[in-house]
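Written below as structure tokens is the structure these notes are about.
Just so it is clear, none of the values below were taken in a lab; they were calculated from the coordinates. The model shown is predicted, which means the values in this text are computed figures rather than measured ones. Positions of Cβ are backbone-derived with ideal geometry, glycine not excepted, and every protein chain shown enters the neighbour counts.
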């Protein structure tokens, strides 16, 4: 494994973790008339976690594109 693959793997784990940390309070109860948080603004740690998730996804996409560009097709 080269450096791009290792960094891609670590960022993928970080993205999954940050998404799971944001997923609190979402379940079947909120689907059928539970507390609506669709129009609530993010504050404090929620906003920081949301921004971190966006940055991690952008970095993941960039690393994926760089990795796809640098690999040569198998002969």
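Each label point was placed 7 Å from the Cα along the Cα-to-Cβ direction; for residue 69 and residue 46 their separation is 3.7 nm.
Residues 47, 69 in ascending order of nearby Cβ atoms (within 10 Å, fewest first): 69, 47.
Could you calculate the contour length gain from residue 57 to residue 17, that is, 0.36 nm times the residue separation minus the distance between their Cα atoms, to one decimal place in nm?
Values: separation 40, 0.36 × 40 = 14.40 nm, distance 1.19 nm.
That works out to 13.2 nm of additional length.
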